[in-house]
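Trainee: One structure follows; several queries about it will come next.
The values are calculated or read from the model by the stated rules, or taken from the named source; none is laboratory data. Owing to the predicted nature of the structure, the values given are computational and were not obtained by experimental measurement. Cβ: placed from backbone, ideal geometry, glycine included. Neighbour counts: every protein chain shown. For accessibility, only protein heavy atoms count, side chains too; no ligands or nucleic acids. Shrake-Rupley method; radii C 1.70, N 1.55, O 1.52, S 1.80 Å.
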Amino acid sequence: MDHASDASVRGDFNDTAFEYAGTRSRFFRKDQKFLVETDGPDGKLATFEVKYTFGLDPLQQYLIEFPDGRVQALSIAWDTRPKDQGGQRWFHLYPDGAITHDDPLHLTKLNQNWNFMCAECHSTAVHKNYDATKDRFATTFSEISVGCEACHGAGSRHVSWARQNAKSRDPDNGLLVKFDERAGITWSADAGTLTPIRSAPAPMLRKEVETCGRCHARRGQLSEDWVPGRSLSETHRVSLLDRQRFHADGQMRDDEETYNYAPFKQSKMFAKGVTCSDCHDPHSAALKAPGDGVCGQCHPAEKYQTAAHRQHANVTPSPTCASCHIPERRYMVVDRRHDHSFRIPRPDLSVLSGTPNACNDCHRDRSAGWAAQQVEAWFGPQRHGYQAYAPAFHAAWSEAIDAQAQLGAVAQAGDVPALVRASALAELPRPEVDLIRRGLADPDPLVRLGALDAMEAIPADQLWGLASPQLTDPVRGVRIRAAELLASVSPSRQPAADRDRFAQAAAEFVTAQRLNSDRPEARTTLGSFFARQANAAAAEAEYRAALTLDPSFSPAVINLSDLYRQLGRESDGERVLRDALSRSQPSAPLHHALGLSLVRQKRNDAALDELRQAAMLDPSRSRYAYVYAIGLHAAGRRDDALAVLKTNLSGHPNDHDSLSAAIAFSREKGDSAAALEFAERLARLTPGDHAIAELIKQLKR
C-alpha cells in the first residue's frame, strides 16, 4: 500500500475510459490528483479521488477515502503485466457478473471496505478504531505498507537492545520471538529411498508458519493484540475446509481466496517439518533457488528429475516440480498462485468427486478417467498420496449414507493433518460424544475448535460437561468458542465453581465481536449470543444494528424474526422478513422463514407460496422441499406433496425426513408398493432400526 503519487500509480489516468455493466468509468488527473468518475452509491456518476495504491504485480487496485473514515477499494483494477502478456489495461475484478451500486461488492459497500477487509495485512500495526455509535472509522497504522513490525511485532525492545553496549546479553536481539526452527537443522536423503529426512522432529507449535499465516490464511480477526510466534488461533478464527471454499480433497477453489495457510498445513512437507523460509526468503518472498532448484535442496535430482519419475521425457518444455505438485490457480482474474498443499496428482479422485488435478491442467482435451489410467500404468494402482480424505468430504457434501463413518475415521486418524481432522469434526452430520472428547483433548487448537463446532447439535443438558473445560483453554479462540456454545446454559444450571470462568470467557467473546462491530456478521453473532442468554433486548439491539449496516443481511433478518416469534410478536417478525425481501435479490432462506411465519399465523395459502419459492430457489437445501411438501399435504394436496418429495429425493436420495414422509403419504394413499420402496431405502440408511424392519414386514404382507 502507498500514497497515490506519480511514483506509485501504475494505471493509465490520462483520460482513459472503461465500460462495465452499463457504466462508463473515466480515469483522469486534475490539480495533481488522481480521479475516477464512476457509479456512486446511488448508481449515478460521481467523481472520486484515489488516495492510495494497493499492490504492484500482477495488478494494482486503487483506494478511495470517504468522509466517515471508510477507505473503499475500486473494483476496476490496472493490469500491471507487460502488454505482450495481456497487461497494461483496465479490467474489472468481477468480469462475469454485473456489480452495480446495490451489490455488496460495489465500490461503496461493505465488502470492498479496506478498514476491515485489507488493512491488517497490507499495513503495519493497524488499529481499526471503529466507532459503532457514530458509524465512523479512525483507522491508524504505524507504517503504510508492510514493515518489520508486521512480522516481528512491536520493536521497542529491539531498539533498546540496539542502543546497549553489551548487546550479547540478549541472544534474541530484543525481538519478541526468535524464528529459530531451522537453526541447526539439516536435511539428508535416506540411503535406500532417497526420501528427505529432517535431522530433528518438527516442533508442535510452528512459530514461522503461524506468523506467516496471519496474512496468508483465510481467517477472521478476534483481537488486535497479535504477538508473533503464537498460535494463530489466539487472535484469529481460521477457516476450516468447507464446500464453499475448498474441493473435497482440500484444494482451494478457483473463485475463493483461501490463501496458502490451510493448503500448506495439509501437506506432507508441513508434517515433516518444512517451514516457509526453507523455500522462500522471508523478506522478499523470492524463492531460494531458481526453477526446480528450490525443490532440489531436499529432493535429489537423481531420483526426482528423471524420466522414470516425471514420465514426460519427450515433452518440451518438460514439466517442472511445481506444475505437477503445486499447480497454479487464477484469482482476481490475472493473479496466478500455487496451491501449497504439495500433493501427488490424483485424477482418480477427479473421477470420484470432481476435484481438479494437475494432469488435466495440461491435458484439457482428455478426461480425468484417461489421466487416471495413465498414472496407474506408470506407477501402479496404489496411488493414495498424503491427502487421502477426499472420499470422506465428498460423502459428506453429497449426503452419502456412510458420510458419518468416513468423517469419523478421518477425525480420529493419527496421520491426518490437524486442520483436516478439525474440519471432519465440524462436518459430522451427527455429533458423536466420544469423537468430540478426543478432539477436545487434542494438542492442536484447530482440532479443539472443530470439536466445539461439532457440538452445535448436542443437547443442552450435555453441553456443560463437555465444553466447560475449554473455558480456560490456553488459546483465546478456543475459550471464546466454548463461551459462545455455553451461553445457552442458564446461570442457575452452571456449577458455581465455573461461573467466573464462563464470565471471563464470555467477556472475551463479546470483546471479539465488538472489535468487528462494523460488520453485520459480528453484530448478528453477538445478537445470537445474547438470545441464548435470554437477553431479548440486547439481542434485538444487535440484530437491528446488523440491519442498519446491511438491511438485506439474511441471517440477522431471520434471527430477529425468530426472536419476535419467541416473544409472541409474530406480525413484527413477518414485517421484518417482508422488508428484507423488498430490498434484496430473491432469497431462499428469507422466503422459507416467511413461509414458516405465515404457517404459524394460519395463513396457509400465502405460506405455501413462500415455501414453494424457497424450494425452487435453492434445490440444494433438501429441508426447503421437505417443509413445502408437508405444507402441501396439510392443505390436502397429497399428490402434489408426493411429487415434491420424489423430486427432492432424486437430488437428495438419502434425506431421512423426505423418505419418512414419502412412506407415510404413500401408505395414506393406499400405495403400499411405493411405501415399501421408500421404506427399504430408509432401512439402508438406518441399519438395525427395528421399527423400520417391522414396517417393511407389514408392507410386504
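Trainee: Taking the criterion of being modelled with pLDDT of 95 or more and either in a strand (DSSP E or B) or over 24 Å from Ala545 (Cβ atoms) (or both), would at least one residue in the stretch 100-110 satisfy it?
Mentor: No.
Trainee: Shifting gears a bit: Is there any pair with a first residue in the stretch 405-430 that is under 18 Å from Ala202 (Cβ atoms) and a second that is surrounded by fewer than 19 Cβ atoms within 10 Å (Cβ to Cβ) and polar (S, T, N, Q) whose Cβ atoms are under 9 Å apart and which are 6 or more apart or on different chains, and what are they?
Mentor: Arg421/Gln412
Trainee: For residues that are open to solvent by less than 60 Å² (accessible area, probe 1.4 Å), assigned to a loop (DSSP other than H, G, I, E, B) and among the hydrophobic types (A, V, I, L, M, F, W, C), tally how many sit in the stretch 341-384.
Mentor: 1
Trainee: In the stretch 669-701, what residues are part of a loop (DSSP other than H, G, I, E, B) and either touching a His at 6+ places or on another chain (Cβ under 7 Å) or open to solvent by less than 80 Å² (accessible area, probe 1.4 Å) (or both)?
Mentor: Step one: list which residues in the stretch 669-701 are part of a loop (DSSP other than H, G, I, E, B), which gives 670-671, 686-689, 701.
Of everything in the stretch 669-701, those that are part of a loop (DSSP other than H, G, I, E, B) and either touching a His at 6+ places or on another chain (Cβ under 7 Å) or open to solvent by less than 80 Å² (accessible area, probe 1.4 Å) (or both) turn out to be Gly670, Asp671, Thr686, Gly688, Asp689.
Trainee: Being open to solvent by less than 70 Å² (accessible area, probe 1.4 Å), polar (S, T, N, Q), out of contact with any Cys (no Cβ under 8 Å at 6 or more places or on another chain) and within 25 Å of Pro555 (Cβ to Cβ): is that true of Ser666 here? If you could, list the steps in order and put the result at the bottom.
Mentor: Working: open to solvent by less than 70 Å² (accessible area, probe 1.4 Å): yes; polar (S, T, N, Q): yes; out of contact with any Cys (no Cβ under 8 Å at 6 or more places or on another chain): yes; within 25 Å of Pro555 (Cβ to Cβ): no.
It is false that Ser666 is open to solvent by less than 70 Å² (accessible area, probe 1.4 Å), polar (S, T, N, Q), out of contact with any Cys (no Cβ under 8 Å at 6 or more places or on another chain) and within 25 Å of Pro555 (Cβ to Cβ).
Trainee: Any residue in the stretch 208-219 that is open to solvent by 60 Å² or more (accessible area, probe 1.4 Å) and out of contact with any Lys or Arg (no Cβ under 6 Å at 6 or more places or on another chain)?
Mentor: Yes - at least one qualifying residue is present in the stretch 208-219.
Trainee: Name the residue that is farthest from Val227 (Cα to Cα), counting only residues in the stretch 180-193 that are of a type outside the set (A, V, I, L, M, F, W, C), assigned to a loop (DSSP other than H, G, I, E, B) and open to solvent by 60 Å² or more (accessible area, probe 1.4 Å). Even if it seems obvious, please write down each step before you answer.
Mentor: The initial filter retains those residues of the stretch 180-193 that are of a type outside the set (A, V, I, L, M, F, W, C), namely 180-182, 184, 186, 188, 190, 192-193.
If we keep only those that are assigned to a loop (DSSP other than H, G, I, E, B) as well, we get 180-182, 184, 186, 190, 192-193.
In the following step, the residues that additionally are open to solvent by 60 Å² or more (accessible area, probe 1.4 Å) were identified as 180, 182, 184, 186, 192-193.
Working: Asp180: 16, Arg182: 20, Gly184: 25, Thr186: 28, Gly192: 43, Thr193: 41 Å.
This residue is Gly192.
Trainee: Before we move on, is Val177 surrounded by 15 or more Cβ atoms within 10 Å (Cβ to Cβ), of a type outside the set (D, E, K, R) and within 24 Å of Pro417 (Cα to Cα)? Please lay out each step first, then the result.
Mentor: Working: surrounded by 15 or more Cβ atoms within 10 Å (Cβ to Cβ): yes; of a type outside the set (D, E, K, R): yes; within 24 Å of Pro417 (Cα to Cα): no.
Taking the combined requirement at face value, the residue does not satisfy it.
Trainee: If you don't mind, there's one more thing I want to ask. Any residue in the stretch 281-301 that's open to solvent by 50 Å² or more (accessible area, probe 1.4 Å): show its pairings with residues that are in a loop (DSSP other than H, G, I, E, B) and among the aromatic types (Phe, Trp, Tyr) at Cβ separation under 8 Å, as long as the two are six or more apart or on different chains.
Mentor: Pro282/Phe179
Trainee: Another question about this same structure. One residue is enough: does the stretch 544-554 have a residue meeting the conditions modelled with pLDDT of 95 or more and more than 27 Å from His101 (Cα to Cα)?
Mentor: No - not one qualifying residue is present in the stretch 544-554.
Trainee: Right, here's the next one. Within the stretch 312-320, identify whether any single residue is of a type in the set (A, V, I, L, M), at pLDDT below 95 and over 21 Å from Pro196 (Cα atoms), and answer yes or no. Step through it out loud before you land on a result.
Mentor: Within the stretch 312-320, the first condition is being of a type in the set (A, V, I, L, M), and the residues that meet it are 313, 315.
Now restrict to residues that are at pLDDT below 95: 313, 315.
In the following step, the residues that additionally are over 21 Å from Pro196 (Cα atoms) were identified as 313, 315.
Yes; the residues of the stretch 312-320 include at least one that is of a type in the set (A, V, I, L, M), at pLDDT below 95 and over 21 Å from Pro196 (Cα atoms).
Trainee: I'm trying to understand the selection: among the residues of the stretch 431-471, which are in contact (Cβ under 8 Å) with a residue 40 or more places away in the chain, part of a helix (DSSP H, G or I) and open to solvent by 30 Å² or more (accessible area, probe 1.4 Å)?
Mentor: Listed by number, the list holds a single entry, Asp453.
Trainee: Further question on the same structure: If you go through the stretch 302-340 one residue at a time, how many are part of a loop (DSSP other than H, G, I, E, B), closer than 21 Å to Glu256 by Cα and touching a residue at least 40 places away in the same chain (Cβ under 8 Å)? Outline the logic, then answer.
Mentor: Looking only at the stretch 302-340, we keep the residues that are part of a loop (DSSP other than H, G, I, E, B), and these are 305-306, 311-320, 326-327, 332-334, 339-340.
Among the residues that remain, those that are also closer than 21 Å to Glu256 by Cα are: 326-327, 332-334, 339-340.
If we keep only those that are touching a residue at least 40 places away in the same chain (Cβ under 8 Å) as well, we get 332-334, 339-340.
Going through the stretch 302-340 one residue at a time, the tally reaches 5.
Trainee: Could you identify the single residue in Ser156, Ser123 that is over 26 Å from Ala545 (Cβ atoms) and in contact with a strand residue (DSSP E or B) (Cβ under 9 Å, 6 or more places away or on another chain)? Step through it out loud before you land on a result.
Mentor: Details: Ser156 fails: in contact with a strand residue (DSSP E or B) (Cβ under 9 Å, 6 or more places away or on another chain).
From the options Ser156, Ser123, the qualifying one is Ser123.
Trainee: Exactly one of these conditions fails for Asn111: (1) touching a residue at least 40 places away in the same chain (Cβ under 8 Å); (2) within 21 Å of Val238 (Cα to Cα). Give me its number.
Mentor: The failed condition is (1).
Trainee: Every residue in the stretch 462-518 that is touching a Ser or Thr at 6+ places or on another chain (Cβ under 9 Å), over 18 Å from Glu234 (Cβ atoms) and of a type in the set (A, V, I, L, M), please.
Mentor: Leu463, Leu486, Ala487, Val489 - these are the residues of the stretch 462-518 that are touching a Ser or Thr at 6+ places or on another chain (Cβ under 9 Å), over 18 Å from Glu234 (Cβ atoms) and of a type in the set (A, V, I, L, M).
Trainee: Would you be able to say whether some residue in the stretch 26-42 is in a strand (DSSP E or B), within 20 Å of Val333 (Cα to Cα) and of a type in the set (D, E, K, R)? Outline the logic, then answer.
Mentor: Looking only at the stretch 26-42, we keep the residues that are in a strand (DSSP E or B), and these are 26-30, 33-39.
Narrowing the set further to residues that are within 20 Å of Val333 (Cα to Cα) leaves none.
The answer is no, given that none of the residues of the stretch 26-42 is in a strand (DSSP E or B), within 20 Å of Val333 (Cα to Cα) and of a type in the set (D, E, K, R).
Trainee: Another question, then. When the residues of the stretch 119-170 are narrowed to those that are open to solvent by 50 Å² or more (accessible area, probe 1.4 Å) and hydroxyl-bearing (Ser, Thr, Tyr), which ends up modelled with the lowest pLDDT?
Mentor: Among those that are open to solvent by 50 Å² or more (accessible area, probe 1.4 Å) and hydroxyl-bearing (Ser, Thr, Tyr), it is Ser168.
Trainee: Are there any pairs with C-beta distances below 8 angstrom linking a residue in the stretch 539-566 that is in contact (Cβ under 8 Å) with a residue 60 or more places away in the chain to a residue that is in a helix (DSSP H, G or I) and among the acidic types (Asp, Glu), with the two at least 6 apart or on different chains, and if so which?
Mentor: As it stands, the answer is none, since no pair meets every condition given.
Trainee: Out of Ala77, Ala17, which single residue is open to solvent by less than 20 Å² (accessible area, probe 1.4 Å) and of a type in the set (Gly, Ala, Ser)? Please lay out each step first, then the result.
Mentor: On the way: Ala17 fails: open to solvent by less than 20 Å² (accessible area, probe 1.4 Å).
Of the residues listed, the single one that is open to solvent by less than 20 Å² (accessible area, probe 1.4 Å) and of a type in the set (Gly, Ala, Ser) is Ala77.
Trainee: So, in the stretch 247-265, how many residues would count as being touching a Phe, Trp or Tyr at 6+ places or on another chain (Cβ under 8 Å) and either part of a strand (DSSP E or B) or among the polar types (S, T, N, Q) (or both)?
Mentor: Number of matching residues: 2.
Trainee: If you check Ala424, Ala413, which single one turns out to be assigned to a loop (DSSP other than H, G, I, E, B) and under 23 Å from His247 (Cα atoms)? Let's see the steps before the verdict.
Mentor: Details: Ala424 fails: assigned to a loop (DSSP other than H, G, I, E, B).
When all the criteria are applied, what remains is Ala413.
Trainee: For Gln387, which of the numbered conditions (1) of a type outside the set (A, V, I, L, M, F, W, C); (2) within 22 Å of the chain's Cα centre (by Cα); (3) open to solvent by 20 Å² or more (accessible area, probe 1.4 Å) fails to hold?
Mentor: Among (1) of a type outside the set (A, V, I, L, M, F, W, C); (2) within 22 Å of the chain's Cα centre (by Cα); (3) open to solvent by 20 Å² or more (accessible area, probe 1.4 Å), Gln387 violates only (3).
Trainee: Of the conditions (1) in a strand (DSSP E or B); (2) among the hydroxyl-bearing types (Ser, Thr, Tyr); (3) surrounded by fewer than 17 Cβ atoms within 10 Å (Cβ to Cβ), Tyr62 fails just one. Which one is it?
Mentor: Going through the list (1) in a strand (DSSP E or B); (2) among the hydroxyl-bearing types (Ser, Thr, Tyr); (3) surrounded by fewer than 17 Cβ atoms within 10 Å (Cβ to Cβ), Tyr62 breaks only (3).
Trainee: OK, next. Which of the residues belonging to the stretch 629-662 are within 36 Å of the chain's Cα centre (by Cα) and assigned to a loop (DSSP other than H, G, I, E, B)?
Mentor: Result: His652, Pro653, Asn654, Asp655.
Trainee: For residues in the stretch 228-270 being touching an Asp or Glu at 6+ places or on another chain (Cβ under 8 Å) and open to solvent by 30 Å² or more (accessible area, probe 1.4 Å), which is nearest to Ala411 (Cα to Cα)?
Mentor: Asp242
Trainee: Follow-up question, since we're still on this one. What are the residues in the stretch 490-503 that are of a type outside the set (D, E, K, R) and either within 21 Å of Ala531 (Cβ to Cβ) or surrounded by 21 or more Cβ atoms within 10 Å (Cβ to Cβ) (or both), if any?
Mentor: Ser490, Pro491, Ser492, Gln494, Phe502, Ala503
Trainee: Step by step: first the residues of the stretch 478-489, then only those that are part of a loop (DSSP other than H, G, I, E, B) and open to solvent by less than 40 Å² (accessible area, probe 1.4 Å), then the one that is farthest from Ser223 (Cα to Cα). Which residue is that? Quick ask: steps written out before the conclusion?
Mentor: From the stretch 478-489, those part of a loop (DSSP other than H, G, I, E, B) are 487-489; that's our starting set.
Remaining after also requiring open to solvent by less than 40 Å² (accessible area, probe 1.4 Å): 487, 489.
Values: Ala487: 21, Val489: 26 Å.
My answer is Val489.
Trainee: Looking only at residues that are part of a helix (DSSP H, G or I) and within 18 Å of Ser468 (Cβ to Cβ) in the stretch 511-540, which one is most open to solvent (accessible area, probe 1.4 Å)? Before the answer, list the steps.
Mentor: Going residue by residue through the stretch 511-540, those that are part of a helix (DSSP H, G or I) are 511-515, 520-532, 536-540.
Narrowing the set further to residues that are within 18 Å of Ser468 (Cβ to Cβ) leaves 529, 532.
Values: Phe529: 6, Arg532: 83 Å².
The qualifying residue most open to solvent (accessible area, probe 1.4 Å) is Arg532.
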